[in-house]
1. What nm value, rounded to one decimal, do you get for the distance between Lys269 and Tyr198 when each label is placed 7 Å out toward the C-beta?
2. Going through the cross-link list Lys168/Lys201; Lys6/Lys70; Lys33/Lys175, which pairs have a Cα-Cα distance over 24 Å in this structure?
3. How much of the DSSP beta bridge set in the stretch 1-145 is antiparallel, as a percent to the nearest 5?
4. Please name whichever of Met94, Ser73, His43 sits farthest to the positive end of the charge dipole of the stretch 5-151, dipole taken about the Cα centre and charges placed at Cβ: Lys and Arg +1, Asp and Glu -1.
5. How far apart, in nm, are the 7 Å Cα→Cβ label points at Asn173 and Asn232?
6. What is the distance in Å between the Cα centroid of the stretch 82-140 and that of the stretch 172-213?
7. Looking only at the stretch 240-284, which residues have a backbone nitrogen under 12 Å from a spot 7 Å from the Cα of Asn216 in the C-beta direction?
8. Grab the DSSP H runs of the chain that are 4 residues or longer, score each as -39,500 (n - 2.57), total them, divide by all residues and round the 222 nm result to the nearest 500 deg cm²/dmol.
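The values are calculated or read from the model by the stated rules, or taken from the named source; none is laboratory data. None of these values were measured; they are calculated from a predicted model. Positions of Cβ are backbone-derived with ideal geometry, glycine not excepted, and every protein chain shown enters the neighbour counts. Heavy atoms of the whole protein, side chains included, go into the accessibility calculation; ligands, DNA and RNA do not. Shrake-Rupley method; radii C 1.70, N 1.55, O 1.52, S 1.80 Å.
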Amino acid sequence: MEIKTKILVIYTGGTIGMVQDEQTGTLQPLDFKNIYQQIPILHSYELQIDFHSFDPLIDSSNVQPPFWIKLASVIEDNYKKYHGFVVLHGTDTMAFTASALSYMLENLNKPIILTGSQLPLGVTRSDGRQNIINSIEIASSYSKGLPVVPEVAICFENNLLRGNRTYKFNAENFKAFLSGNYPHLAEVGVHIKYNENYIIKPSYQRLRVYKNLDSNVVILKIFPGISENIVNSILNAEGLKGVILETYGAGNAPTDSWFINQLEAAIDKGMLILNVTQCKQGSVEMGRYETSAELDRIGIIGGYDITVESALTKMMFVLGSGLLREEQIKLLQTSLRGEMTID
Ligand code: ASP
């Protein structure tokens, strides 16, 4: 007897399933019972599509690390039973969730495809229906017994992007996500064209799920006019362990001595500071300009071309690893899940 490909659709909330509240007029997540009820055409697939709904459903603006742990646990608990997973998620923090999941799930050998929509499923022109259908096809795509996309990816508006390379760039257009520093994993047209050379190869090792995330982190975005007392209060915030320093261009920052001294003092206290560019394309190159050479000298870690979303969740993952500081620095300098390009 032929074994049916099994897909688990995990519904967490987001616009895709929202309805308008009659009294307030705001969009709120709707509790629907199964995906066939929403998209009956899915019956025509030779697949078994099961449905798992989060309780409560949330607007993704309310996502916090415990939500990622819950999501990773649902995947872990069902990992052996399903060939692939589709996660329905709000778009606002989807790039953060995709990045966090990529770090939490090591040795992935099954597709985890996140999708959502700009318009709710119930709306005639909704992009959600197509996004779900594309995601299910991709999550169930196997070749010679191996998953075609054994990674955490975002499928949106006919593009498949590596999750930890992605950011939301448009609040309105159906094309809402970009991956500035990495090619698309697939393009959906008449056929789904996979860019096999850019997709991570399946792992033959056992899945490991990491559930310790340390959120004692901050994103410090520099700007002309940034003031000493504000930087001082951020870097001295109680419990702070990791800083994502969003710098200019190729990783450049002011050379004012108060700024460099404060960063150096924070590093001396044991803080991890990762240098990430504010640009959406290109890479940090510490030491290329005089304005980044100082950062290099005091022990700031270069984040290459990692996105801010990916850097933040990686920092939480690394700080939660319980490893020694030197090993944590090494992890930040290594591309763990294809999140950075290191020449
Ligand atoms: N606020 C919604 C959310 O992120 C927006 C969306 O889904 O597109 O949950």
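1. Here the modelled spin labels are 4.1 nm apart.
2. Working: Lys168/Lys201 26 Å; Lys6/Lys70 21 Å; Lys33/Lys175 28 Å.
Beyond 24 Å: Lys168/Lys201; Lys33/Lys175.
3. On the way: 3 of 20 bridges.
Antiparallel bridges: around 15 percent, rounded to the nearest 5.
4. Projecting each Cα onto the dipole axis, the largest value belongs to His43.
5. With each label placed 7 Å out from Cα toward Cβ, I get 4.4 nm.
6. The stretch 82-140 and the stretch 172-213 have Cα centres separated by 11 Å.
7. 240-243, 270-272
8. Numbers: 9 runs with 91 residues, N = 343.
Rounded to the nearest 500, the figure is -8000 deg cm²/dmol.
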